[in-house]
Amino acid sequence: MHALPVEAYTSQEWLDIELKYLFSTTWQFAGFVEDVANPGDYISVQAGLNNIFIIKGRDHRLRAFHNICRHRGTQLLRAVGKTQKAITCPYHDWTYDLEGNLISVPKKESEFPNLKGELHKCDLNLHEASVDIFKGMLFVHPEKDAPSIMDFFGEVEPYLGPHKVEELIEYRSKNGEPFYTEEIKANWKIVVENYIDHYHLAHLHEGTLNMYDHAKAEFGWAGPHYWFYEPLVEDFLNDVENAAPYPLIDSVPRDQIGAYVPWLFPNIGITESESAWNTFHVLPLAPDRTLVTIRSKTMNVSEWEYTKQYSKSALSKVWTKYGNKGKYEGDKNDPMASGDFMLEDIYACEQQQKSLQSPYFSVGAQAEKGEYAIQRFQEEVKKWIEKHQ
Amino acid sequence: MSEFYPLQVLNIKKETEDAVSITFDIPQELYSKFIYKPGQYLTLRFHLNGKEVRRSYSLCSSPFLEEYPKIAVKRVKNGLVSNHINDTVKVGDSIDIMLPEGRFYADVKETNYKTYYLFCAGSGITPILSILKSVLHTEARSFVYMIYGNRHQESIMFNDELSALQEQYKDRFVLIHTLSRPNSSWSDLWKTKNDYSYKKGRVDTKMVEWFINEFPPYAQNAEYYICGPGTMIENTKTALKGIDVPNTRIFTESFGGAIEDASVKGFKNAKLIAHLNNQRVELTIPEGKTILRALIDKGQNPPYSCEGGVCSTCVCKLKQGEVHMKKNLSLDDKEVKQGNILSCQSIPLSEIIEVEYLK
Ligand SMILES: Cc1cc2nc3c(=O)[nH]c(=O)nc-3n(C[C@H](O)[C@H](O)[C@H](O)COP(=O)(O)OP(=O)(O)OC[C@H]3O[C@@H](n4cnc5c(N)ncnc54)[C@H](O)[C@@H]3O)c2cc1C
Ligand code: FES
């Protein structure tokens, strides 16, 4: 659309290329540290073309392996679970230890006379992948000797919020679902571009995100990653102890309060505010369908503290003026009148995706500063794919 | 290889009742040679009671800081060299020293993102301290979890320096002292400061498991460094392997002193053919002598430093014949299988022995 052709947003060919050369060559978000809390716990995640499982050893160190049995390629482990000392394939009971070494094959002598000597030296151990932790988040990389996670994220780290993520706890619904999941009918890059588009904040979200001071926003790039910060508007800051919807995050010093909203290349955003810390994970399902998962963390304090804060916030004058009005007046079921910025964003993304089909579609002009990030993001995608193709 | 350089003693400091630290001056022309990695050691040579003796001492200074090379020597009961150093070495003395070497070191790099587990006891602090300082000062993103075992408070070497590091790097450095015979008034004092700082007991399986449970690795590229006396190394290693820490991530340094296997009798007057310094040497090995001693006694100059089966400087390849190693604290099974032997520990078991020094 600027750096990328329209097909990059509509065709399966492009998505296939992205899955292979972008999502399978970068550190991919896999969850929070506490998802694999105890020795034996594991989770499996799809990262580009690879299904990778992360398992915690008794030494509390995480290991990552490709989730395929070396026998016939069956997926070894299901989404989440716990194992003790071994991983056994459901198909023919080939068994591996937690280091990925093949340790047992039923009827080995009679059926596999060629497998001589110790099994773990037969070149049939699990394919290793890499896992590491960055800001309380798990990331996986399909290569065993992946470049260090800090080579990838190190440059952007200084621009992230001061939040001590490990001290926060996650909000989960009663059935254990994350804070928010939504399938959006738009290409994943449209969702990303909307997230990093500063120009739209004061317009699409004029009534919903106006408690942040868009005019004072600072932003830039660190490697392939985008960083963004804006302070609270003065009215909000002056009454933030009362007005904040949840208890204030105490690892954020008063003079650093604000909204830190970086985009970590290629497909995870973080929203770090005065009282909540969220991940915004974007997963392409089809060229025009994208799954957005938001996980949310807040202060580790009692239910009672939350209730108190909720009442204080409800009474605060700040919200009579900020953050509550839809762009249009009318039925609250209309996203543009809902007063909910997520619905506004989804609406804008889906409307844009629809237009891509039109022969008349083109991007007419682009805001030099406010939309620079969009162009840059597309260039980063292009550059990365070209480098890894 | 086994070249010695006279270095001047710049400073001596009494660290505890029975240990001193010594810093050396490096003349400008040797700057480019005396380069070391954190964890490596120096070999010192003395002539005592008419005999040449060599001993290795780990550098406790950090090559990443503007520090003079420094070692610390703890008295060993009835020990020849350690007591000589503690009793007689003075500022200004010149001591013959070999270039730094050793296979026990951390590959410290600014860009590393690692978790270091450091286990040490007694004088085993020396190489660990060098690694600790180097990592903390150089690797801004790495974490260090350390256990330091001692008998009681007075025997803790470098206590002040360690406390200062704890203060300076609180966010990513945890230090637990374990004392086998704590002095109670002191321990109470410390407990109030920080519940974790002190624990009674030894660095053993239970302690290691408690420690890792309490301080799981954050950066997932974790490495485990162990240095200490007697069974401490084996115990720690066994504990780590017991919770599936891969062997490739464990690094150990022994200072020697293990009990040697003296039950095996050597072959009387075996013939030795040695390929050494591009020469072929032939001699007879007198009964009870090691290959290394037989060579030295005949005026040869084979490489060695600890003569205790620890440092592997004296390693050579066995080409012919069979030997018995009295002690082996440095070669692993694979290296032994490939025919490597420690010449300082090897006595002949066959009539003809042929060895080749590769260094
Ligand atoms: C790589 C390496 C690094 C070393 N770093 C240091 C260091 O930083 N600081 C330090 O103080 N020492 C260190 N040592 C030990 C040091 O080299 C000497 O072995 C030690 O000082 C004893 O020498 P000695 O001449 O006093 O004792 P010796 O006269 O050789 O031995 C006297 C008796 O003590 C026993 N013994 C020898 N060494 C030990 C020991 N380490 N522990 C227990 N018993 C022992 C002997 O078996 C013998 O019975 C290191 C050794 C090696 C191999
Ligand atoms: S001289 Fe050190 S092992 Fe032989």
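The values are calculated or read from the model by the stated rules, or taken from the named source; none is laboratory data. Values in this document were obtained by computation on a predicted structure and should not be read as measured data. FYI the Cβ positions are ideal-geometry reconstructions off the backbone, even for glycines, and counts take in every protein chain you see. Areas reflect the complete protein model, heavy atoms only, side chains present, ligands, DNA and RNA absent. Shrake-Rupley method; radii C 1.70, N 1.55, O 1.52, S 1.80 Å.
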Exception for B:Trp210 within (1) open to solvent by 50 Å² or more (accessible area, probe 1.4 Å); (2) more than 14 Å from chain A (Cβ to nearest Cβ) falls at (2)
Being open to solvent by 70 Å² or more (accessible area, probe 1.4 Å), over 30 Å from A:Lys164 (Cα atoms) and either of a type in the set (A, V, I, L, M) or within 12 Å of another protein chain (Cβ to nearest Cβ) (or both) is the filter here, so list the residues in segment A:121-150 that pass it.
A:Glu128
Tell me the residue from B:Tyr31, B:Tyr57, B:Tyr41, B:Tyr36 that is open to solvent by 20 Å² or more (accessible area, probe 1.4 Å) and within 16 Å of ligand 2 (Cβ to nearest atom), please.
B:Tyr57
When you go through (1) at negative phi; (2) assigned by TED's automatic domain parsing to the domain that holds B:Leu175; (3) more than 16 Å from ligand 1 (Cβ to nearest atom); (4) under 27 Å from the mean Cα position of the chain (by Cα) one by one for B:Asp244, which number turns out not to apply?
(1)
With criteria (1) surrounded by 19 or more Cβ atoms within 10 Å (Cβ to Cβ); (2) acidic (Asp, Glu); (3) in contact with a Ser or Thr (Cβ under 8 Å, 6 or more places away or on another chain), A:Asp340 comes up short on (1)
Filter segment B:339-352 down to the residues that are hydrophobic (A, V, I, L, M, F, W, C) and more than 10 Å from ligand 2 (Cβ to nearest atom), then identify the one that is farthest from B:Ile250 (Cα to Cα).
B:Ile352
Complete set of residues in segment A:9-57 that are under 30 Å from A:Lys85 (Cβ atoms), open to solvent by 10 Å² or more (accessible area, probe 1.4 Å) and part of a helix (DSSP H, G or I)
A:Val33, A:Glu34, A:Asp35
Condition met for B:Gly228 (more than 16 Å from ligand 2 (Cβ to nearest atom), in contact with a Cys (Cβ under 8 Å, 6 or more places away or on another chain), modelled with pLDDT under 95 and outside the structural domain of B:Ser56 (by TED's automatic domain parsing))
yes
Just checking, how many residues over segment A:126-165 are within 20 Å of A:Arg70 (Cβ to Cβ) and touching a helix residue (DSSP H, G or I) at 6+ places or on another chain (Cβ under 7 Å)?
0
Taking only pairs six or more apart or across chains, which ones have beta-carbon atoms under 6 Å, a first residue in segment B:274-288 that is without any contact (Cβ under 8 Å) to a residue 12 or more places away in the chain, and a second residue that is in a strand (DSSP E or B) and surrounded by 13 or more Cβ atoms within 10 Å (Cβ to Cβ)?
B:Glu282/B:Ile273
Quick check, is B:Thr236 more than 16 Å from ligand 2 (Cβ to nearest atom), assigned to a helix (DSSP H, G or I) and touching a residue at least 60 places away in the same chain (Cβ under 8 Å)?
yes
Subset of segment B:71-90, residues closer than 20 Å to B:Phe158 by Cβ and either within 16 Å of ligand 2 (Cβ to nearest atom) or open to solvent by 50 Å² or more (accessible area, probe 1.4 Å) (or both), comes to B:Lys74, B:Arg75, B:Val76
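Here's the yes/no breakdown for (1) outside the structural domain of B:Gly124 (by TED's automatic domain parsing); (2) more than 13 Å from ligand 2 (Cβ to nearest atom); (3) within 26 Å of the chain's Cα centre (by Cα); (4) open to solvent by less than 60 Å² (accessible area, probe 1.4 Å):
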{"position": "B:Ala274", "(1), (2), (3), (4)": "yes, yes, no, yes"}
{"position": "B:Val281", "(1), (2), (3), (4)": "yes, yes, no, yes"}
{"position": "B:Glu287", "(1), (2), (3), (4)": "yes, yes, no, no"}
{"position": "B:Asp297", "(1), (2), (3), (4)": "yes, yes, no, no"}
{"position": "B:Cys306", "(1), (2), (3), (4)": "yes, no, yes, yes"}
{"position": "B:Cys316", "(1), (2), (3), (4)": "yes, no, yes, yes"}
{"position": "B:Gly321", "(1), (2), (3), (4)": "yes, yes, no, yes"}
{"position": "B:Lys337", "(1), (2), (3), (4)": "yes, yes, yes, no"}
Taking B:Thr252 and the conditions (1) part of a loop (DSSP other than H, G, I, E, B); (2) of a type in the set (S, T, N, Q); (3) more than 14 Å from chain A (Cβ to nearest Cβ), which numbered condition does it fall short on, given that it satisfies the others?
(1)
Out of B:Phe64, B:Phe24, which single residue is open to solvent by 20 Å² or more (accessible area, probe 1.4 Å), away from ligand 2 (no atom under 16 Å from the Cβ) and not hydroxyl-bearing (Ser, Thr, Tyr)?
B:Phe64
List the strands (runs of 3 or more DSSP E) inside segment A:66-134, counting only whole elements, that have at least 1 residues being aliphatic (A, V, I, L, M).
A:80-82, A:86-88, A:102-104, A:128-134
What are the residues in segment B:139-161 that are within 14 Å of chain A (Cβ to nearest Cβ) and open to solvent by 20 Å² or more (accessible area, probe 1.4 Å), if any?
B:Ala140, B:Arg141, B:Phe143, B:Tyr145
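For B:Arg103, are the conditions met, namely being within 16 Å of ligand 2 (Cβ to nearest atom), within 30 Å of B:Arg202 (Cβ to Cβ) and buried (at least 21 other Cβ atoms within 10 Å of the Cβ)?
Answer is no for this residue.
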Kindly indicate which of B:Lys133, B:Lys109 is away from ligand 1 (no atom under 11 Å from the Cβ), within 14 Å of chain A (Cβ to nearest Cβ), out of contact with any strand residue (DSSP E or B) (no Cβ under 9 Å at 6 or more places or on another chain) and within 30 Å of A:Lys135 (Cα to Cα).
B:Lys109
Scan the strands (runs of 3 or more DSSP E) fully inside segment B:297-359 and keep the ones with 1 or more residues being of a type outside the set (Lys, Arg) and within 16 Å of ligand 1 (Cβ to nearest atom).
B:315-320, B:323-325, B:340-342
